[in-house]
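A.B. asks: If you scroll down you'll find the structure; I have some questions about it.
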Amino acid sequence: QVQLVESGGGLVRAGGSVRLSCVASNNIFSISVMAWYRQAPGKHRELVASITRGGITNEADSVKGRFTISRDDAKNTVYLQMNTLKPEDTAVYYCNAWDGTTSWGQGTQVTVSS
């Protein structure tokens, strides 16, 4: 398994932007899929965005056009650029790696105030 460490969360006003980073302990070039999930209080964890080894991205309908996932293999880092944030984006955001087995980071809190 790969160790994942997220950073970049915090408190932001509605309409603002935040960029999350996820640094992996291993070379992510060989990892099939990297993704960001989020979990709001009282809700299930949900997929926010994913990116394949080949660079194909997918975003949840709720964030499409506002959030962008990207990866920098040289830095073993995956990013989530979040723009035009809404209060309903408030959640703990988790980095995920899948390559036959699943690895999770510890999560980073993003709070969007209205």
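The values are calculated or read from the model by the stated rules, or taken from the named source; none is laboratory data. It should be emphasised that the depicted structure is a prediction, and the values quoted were computed from it without experimental measurement. We place every Cβ from the backbone using ideal geometry, glycine too, and count neighbours over all the protein chains shown. Just the protein is used for accessible areas: all its heavy atoms, side chains included, with ligands, DNA and RNA removed. Shrake-Rupley method; radii C 1.70, N 1.55, O 1.52, S 1.80 Å.
A.B. asks: Name, by its number, the condition in (1) without any contact (Cβ under 8 Å) to a residue 24 or more places away in the chain; (2) crowded, with 16+ Cβ neighbours inside 10 Å; (3) acidic (Asp, Glu) that does not hold for Glu46.
C.D. replies: Every condition holds for Glu46 apart from (2).
A.B. asks: Something else now. Identify all residues within the range 55-73 that are over 17 Å from Arg38 (Cα atoms) and touching a Phe, Trp or Tyr at 6+ places or on another chain (Cβ under 9 Å); write none if there are none.
C.D. replies: Arg71, Asp72, Asp73
A.B. asks: Name every residue in the range 15-41 that is open to solvent by 50 Å² or more (accessible area, probe 1.4 Å), hydrophobic (A, V, I, L, M, F, W, C) and not in a strand (DSSP E or B), in order of residue number.
C.D. replies: Phe29
A.B. asks: Follow-up. Could you grab me the full set of residues in the range 49-76 that are out of contact with any strand residue (DSSP E or B) (no Cβ under 6 Å at 6 or more places or on another chain), of a type in the set (Asp, Glu) and free of Cβ contacts under 8 Å to residues at least 24 places away in the same chain?
C.D. replies: Passing the criteria: Asp61, Asp72.
A.B. asks: Additional query: Given (1) open to solvent by 30 Å² or more (accessible area, probe 1.4 Å); (2) outside any strand (DSSP E or B), identify the lone condition not met by Val63.
C.D. replies: Failing condition for Val63: (1).
A.B. asks: Could you grab the pairs with beta carbons closer than 8 Å, sequence gap of 6+ or different chains, first residue in the range 27-42 and without any contact (Cβ under 8 Å) to a residue 60 or more places away in the chain and over 16 Å from Glu59 (Cα atoms), second one of a type outside the set (Ser, Thr, Tyr) and surrounded by fewer than 15 Cβ atoms within 10 Å (Cβ to Cβ)?
C.D. replies: Ala40/Glu88
A.B. asks: If I ask for residues that are of a type in the set (A, V, I, L, M) and either open to solvent by 40 Å² or more (accessible area, probe 1.4 Å) or assigned to a loop (DSSP other than H, G, I, E, B) (or both), which ones from the range 49-60 would you list?
C.D. replies: Passing the criteria: Ile56, Ala60.
A.B. asks: Let me ask you something else. Kindly evaluate Ala40 against the criterion of being out of contact with any helix residue (DSSP H, G or I) (no Cβ under 9 Å at 6 or more places or on another chain) and at pLDDT 95 or above.
C.D. replies: no
A.B. asks: If I filter the range 66-101 down to residues being part of a loop (DSSP other than H, G, I, E, B) and either modelled with pLDDT under 95 or open to solvent by 30 Å² or more (accessible area, probe 1.4 Å) (or both), which single residue comes out as nearest to Pro41 (Cα to Cα)?
C.D. replies: My answer is Thr90.
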